Amino acid sequence: MTDVHVPSDVSAETFPEDAVPGLPRNASPKPEVPQANWGWFRWAWRQLTSMRTALILLFLLALGAIPGSLLPQEGTDPASVQNYFTAHQTLAPWLNHLGLFNVYAAPWFAAIYLLLFASLVGCVVPRTFRLAGTARTPPPRAPRNLSRLPNSSSYRVALPPDQAITVAAAFLGGKRFRLRKPAEGDKSSWISAEKGYLREAGNLLFHLSLLGVLCSIAVGGLFGYKADKLMVEGQSFSDTVTSLDEFHPGRLVSGSDLAPFSITLNKFTANYYTSGDSRGEPSSFDASIDYSPSPGAPAKPYDLRINQPLSVDSAKVYLIGHGYAPVFTVTDARGKVVYDEATPFVPQNTGTLLSDGVVKVAGASPTQLGFMGVFVPSPIDVGGVLQSYFPSANDPVVSLIAYAGNLGMNSGIPQSVYQLDTTAMTQLTAKPFALAIGQSETLPGGQGKITFDGYKQWVSLAVTYDPGQLPALVCAILALAGLLLSFLVRRRRVFVRSVPSGDGAVVTIGGLARTDASGGFEDEFAELVTELRAAHGESAPDIPPGETASRAPGENDTETGA
Amino acid sequence: MPPRLIKKKRRAAVSLAAVAAVLLAGGLTMAFSRGGGLPAGETYVDGNPQAVLYAPGHRAQVPEFSGRTLTGSPLSFATYRGRVVVLNFWGSWCPPCRSEGPTLAALSSKYSHAKVSFLGVDVEDTPVNAEAFEQGFGISYPSLNDPGQAVAQVISSVVPITATPTTLVIDPTGRVAGAIFGTATYSVLNEMISKVAA
């Protein structure tokens, strides 16, 4: 039997060039002493690119994203932000100063991720070069005293030392070990073999993929865009900058980069639970649309639902919201119809869809008219106050307050379509008046008439294009694969030395596994020794470890050489 | 390790870091700054960066488009060939469009006898609201009814229509000779039309 000697006093320090994988070299706890200007810069750079800083920044990024999910965000839901402002009048301005309603665009958030990006790039790029170097390095020279390695074994063979080494080299080469032989002129008989370079390759893959993920995110940020569009049933929408309500382009995106699709909303259906604990909560949303991928192309029907976005022209269209758009007809003082439009109202209560809105009749002559109102989908009188008991529309009612005067629109200063500037207007009706579908209200002073003709529903769509999404996914998978490789594959070295002994030679085999976390190298080594012995065609007895150690074979070991 | 080697390695690390920092800073600067000088063949009217004149040879051909006017009659852009066309994107809901309404009304009557035609594209609007707008400002030239912005989408392939209002001055060969991205003022649009029609 082969004796495998495993002393405990030998550590991996035989291979001083081995760094512990997973820890960057510059994560040394010893702080650099800053010297000149360059020294300060270097010190700062080292601090920034240390793994510790990267982890802290990553943690800060996660921490900073929390308000983004707890508070309503301008980018995704501006209506909720407005509601939050009305509900928390003292707190909201403070939160706004801190950018907490637009976290992902806040300067402090940008600072965190830019620093994190710099830190990761500064950490990963040098490591990538180093790993590429390590993956190419040949195994080191065989140490002189192989019996001091964690695994070693020794036996006698009938072959001369050179031949014994040749046989060992052929055997290890056949086992797909990378070999290193003595340099020309070196008379000693040894061979170094190393296996498990896939570990370095995995580590390299992990780091390269990590860079790939960063680049993909950058590509997404530079070339992608996010946009919102509110559209009423029966309306069409073309994906152009002017028809989008909100457009957040990437840094290198211009309006002509938008995918030239168009969408027509035919009908929107929302179903709600009518009984049980979740009464009033939505059970399904379905927006029936026709879309055409480019101008002039034939339109195709599609059912847009939550979690069932439309993929068109590499952009994705998501259904993100809905509401009611009451249809009004307004006649001005001259008796002319000057307004006929389905006007989107914004839900102030998502449970009952009680919605707020304004009607701006800029074309009314001689005086412009404005209305502030509430749309009540399912009206119920609660102590003289109109409330909605259910989100779907059952005999809906609008309650309006009329104003006459200057809407402030002709001065050219842009204003919100959801707000009425009443500073230059006078209120026509002391109390709000309620209208059911088909009812009209004649305004006092012969100012005209408003009719509530009915209602349509609107949906809000989010259009997103992120060219970095797929590359980021691929890179993330590759990074994981690389990480697994570097965890599962171990780098192990086997050395064989042979010194003349009598007619034959004494062959000593030493083995060392670097980071043998998963164990099992001892078994592999024992098997290798058995097979190598068979290859040497010997069944001579083992040499006890102690004996081998006392006759340590080596280049200058003349005693055993004699 | 000999001290010289350490020094060498450190110097290498520092220069690598410096190169990385410069690349990063450069990339960020590039990413966060847009545009630069004016492209060849383009001049500003009155130094206004929102009013651009394109020299002949630098004018983009406007793709064909057609539709129905607010009054329901069919209209094709192709029939305007041979005339200077002032193409204005507007909506009755849009305050800047309301502020430039008098300008368009005045200039369209000033150039009514020359080889200049005015054409509106009414976006995201209803015919009733649009008619009240036109009557209010005394605008008599036709407008295409384009609630879904199909025309803007077609034209965006050659000129970025990034805001409502946008006004294009198109030469008799159907190429974009001038563009006002935003509110048109009387002096700027007048200068543009007279230069293109000259």
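Of the listed requirements (1) under 25 Å from residue A:341 (Cβ atoms); (2) modelled with pLDDT under 90; (3) touching a helix residue (DSSP H, G or I) at 6+ places or on another chain (Cβ under 8 Å), residue A:428 misses just one: (2).
None of A:461, A:400, A:407 is surrounded by 22 or more Cβ atoms within 10 Å (Cβ to Cβ), within 40 Å of the chain's Cα centre (by Cα), assigned by TED's automatic domain parsing to the domain that holds residue A:248 and not acidic (Asp, Glu) except A:461. In this structure, does residue A:102 turn out to be in contact with a Gly (Cβ under 9 Å, 6 or more places away or on another chain), polar (S, T, N, Q) and more than 30 Å from residue A:520 (Cα to Cα)? Taking the combined requirement at face value, the residue satisfies it. Kindly indicate whether any position in the stretch A:98-114 is surrounded by 17 or more Cβ atoms within 10 Å (Cβ to Cβ), more than 33 Å from the chain's Cα centre (by Cα) and modelled with pLDDT under 90. No, that holds for no residue.
For the stretch A:391-410, name all the residues that are touching a residue at least 60 places away in the same chain (Cβ under 8 Å) and in a loop (DSSP other than H, G, I, E, B). If the condition is that a residue be touching a residue at least 60 places away in the same chain (Cβ under 8 Å) and in a loop (DSSP other than H, G, I, E, B), then A:391, A:392, A:393, A:396 are the ones that fit. Counting only residues that are surrounded by fewer than 18 Cβ atoms within 10 Å (Cβ to Cβ) and either part of a loop (DSSP other than H, G, I, E, B) or acidic (Asp, Glu) (or both), the stretch A:306-325 holds 4 of them.
Each row is one residue, and each column tells you yes or no for (1) over 11 Å from residue A:495 (Cβ atoms); (2) in contact with a Gly (Cβ under 8 Å, 6 or more places away or on another chain); (3) at pLDDT below 90.
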site: A:130; (1), (2), (3): yes, no, yes
site: A:135; (1), (2), (3): yes, no, yes
site: A:138; (1), (2), (3): yes, no, yes
site: A:141; (1), (2), (3): no, no, yes
site: A:149; (1), (2), (3): no, yes, yes
site: A:152; (1), (2), (3): no, yes, no
site: A:159; (1), (2), (3): yes, yes, yes
site: A:163; (1), (2), (3): yes, no, yes
site: A:168; (1), (2), (3): no, no, no
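Filtering the stretch A:263-301 to residues that are among the hydroxyl-bearing types (Ser, Thr, Tyr), under 18 Å from residue A:465 (Cβ atoms) and buried (at least 18 other Cβ atoms within 10 Å of the Cβ) leaves A:291, A:292. Only one entry in B:123, B:151 is crowded, with 24+ Cβ neighbours inside 10 Å, in contact with a helix residue (DSSP H, G or I) (Cβ under 7 Å, 6 or more places away or on another chain), within 20 Å of residue B:73 (Cα to Cα) and facing chain A (nearest Cβ under 10 Å), namely B:123. Scanning the stretch A:218-241 finds one or more residues that are in contact with a Phe, Trp or Tyr (Cβ under 7 Å, 6 or more places away or on another chain), crowded, with 20+ Cβ neighbours inside 10 Å, in a helix (DSSP H, G or I) and within 14 Å of another protein chain (Cβ to nearest Cβ).
Scan (1) assigned to a loop (DSSP other than H, G, I, E, B); (2) under 21 Å from the mean Cα position of the chain (by Cα); (3) closer than 17 Å to residue B:176 by Cβ for the single condition residue B:92 breaks and write down its number. Of the numbered conditions (1) assigned to a loop (DSSP other than H, G, I, E, B); (2) under 21 Å from the mean Cα position of the chain (by Cα); (3) closer than 17 Å to residue B:176 by Cβ, the odd one out for residue B:92 is (3). Given the structure, is residue B:133 in a strand (DSSP E or B) and either outside the structural domain of residue B:176 (by TED's automatic domain parsing) or in contact with a helix residue (DSSP H, G or I) (Cβ under 8 Å, 6 or more places away or on another chain) (or both)? Against the criterion (in a strand (DSSP E or B) and either outside the structural domain of residue B:176 (by TED's automatic domain parsing) or in contact with a helix residue (DSSP H, G or I) (Cβ under 8 Å, 6 or more places away or on another chain) (or both)), residue B:133 does not qualify.
Could you tell me whether any residue of the stretch A:374-383 is over 19 Å from residue A:353 (Cβ atoms), aromatic (Phe, Trp, Tyr) and in a strand (DSSP E or B)? Taking every residue of the stretch A:374-383 in turn, none turns out to be over 19 Å from residue A:353 (Cβ atoms), aromatic (Phe, Trp, Tyr) and in a strand (DSSP E or B). Scanning the stretch B:40-65 for residues being within 13 Å of chain A (Cβ to nearest Cβ) and loosely packed, with under 13 Cβ neighbours inside 10 Å gives a total of 1. For the stretch A:147-159, the criterion of being assigned by TED's automatic domain parsing to the domain that holds residue A:511, assigned to a helix (DSSP H, G or I), out of contact with any Leu (no Cβ under 7 Å at 6 or more places or on another chain) and touching a residue at least 24 places away in the same chain (Cβ under 8 Å) is met by at least one residue.
None of B:131, B:124 is touching a residue at least 12 places away in the same chain (Cβ under 8 Å) and closer than 30 Å to residue A:258 by Cα except B:124.
Restricting attention to the stretch A:326-358 and to residues that are within 22 Å of residue A:283 (Cα to Cα) and in contact with a helix residue (DSSP H, G or I) (Cβ under 8 Å, 6 or more places away or on another chain), the residue that is nearest to the other protein chains (Cβ to nearest Cβ) turns out to be A:346.
The residues of the stretch A:410-419 that are surrounded by 14 or more Cβ atoms within 10 Å (Cβ to Cβ) and farther than 21 Å from residue A:337 by Cα, listed by number, are A:412, A:415, A:418. Residue pairs whose Cβ atoms lie under 8 Å apart, sitting 6 or more positions apart in sequence or on different chains, and linking a residue in the stretch B:173-198 that is more than 16 Å from residue B:55 (Cβ to Cβ) to a partner that is aromatic (Phe, Trp, Tyr) and part of a helix (DSSP H, G or I), are B:174/B:77; B:174/B:80. For the stretch B:166-188, taking the residues that are of a type outside the set (Phe, Trp, Tyr) and within 9 Å of the chain's Cα centre (by Cα), the one that is surrounded by the fewest Cβ atoms within 10 Å (Cβ to Cβ) is identified as B:182.
Table: residues versus (1) farther than 28 Å from residue A:391 by Cβ; (2) modelled with pLDDT of 95 or more; (3) in the same structural domain as residue A:267 (by TED's automatic domain parsing).
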{"position": "A:416", "(1), (2), (3)": "no, no, yes"}
{"position": "A:424", "(1), (2), (3)": "yes, no, yes"}
{"position": "A:447", "(1), (2), (3)": "yes, no, yes"}
{"position": "A:454", "(1), (2), (3)": "no, yes, yes"}
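Scanning the stretch A:170-195 for residues that are crowded, with 19+ Cβ neighbours inside 10 Å and not β-branched (Val, Ile, Thr) yields A:171, A:172, A:177, A:180, A:188, A:189, A:190, A:192, A:193, A:194, A:195. Within the stretch A:480-535, the set of residues being touching a strand residue (DSSP E or B) at 6+ places or on another chain (Cβ under 8 Å), more than 22 Å from residue A:154 (Cβ to Cβ) and of a type outside the set (Val, Ile, Thr) comprises A:490, A:491, A:514.
Across the stretch B:86-106, the number of residues qualifying as more than 12 Å from chain A (Cβ to nearest Cβ) and either in contact with a Pro (Cβ under 6 Å, 6 or more places away or on another chain) or surrounded by fewer than 23 Cβ atoms within 10 Å (Cβ to Cβ) (or both) comes to 2. When the stretch B:72-116 is filtered for residues that are over 16 Å from residue B:185 (Cβ atoms) and small (Gly, Ala, Ser), the ones remaining, listed by number, are B:72, B:73, B:76, B:78, B:82, B:91, B:92, B:109, B:112, B:114. Against the numbered list (1) crowded, with 17+ Cβ neighbours inside 10 Å; (2) closer than 29 Å to residue A:319 by Cβ, residue A:389 comes up short only at (1).
The values are calculated or read from the model by the stated rules, or taken from the named source; none is laboratory data. Because the structure is predicted, anything quoted here is derived from the model rather than measured. Here the Cβ is made from the backbone with ideal geometry for all residues, glycine too, and neighbour counts use every protein chain on show.
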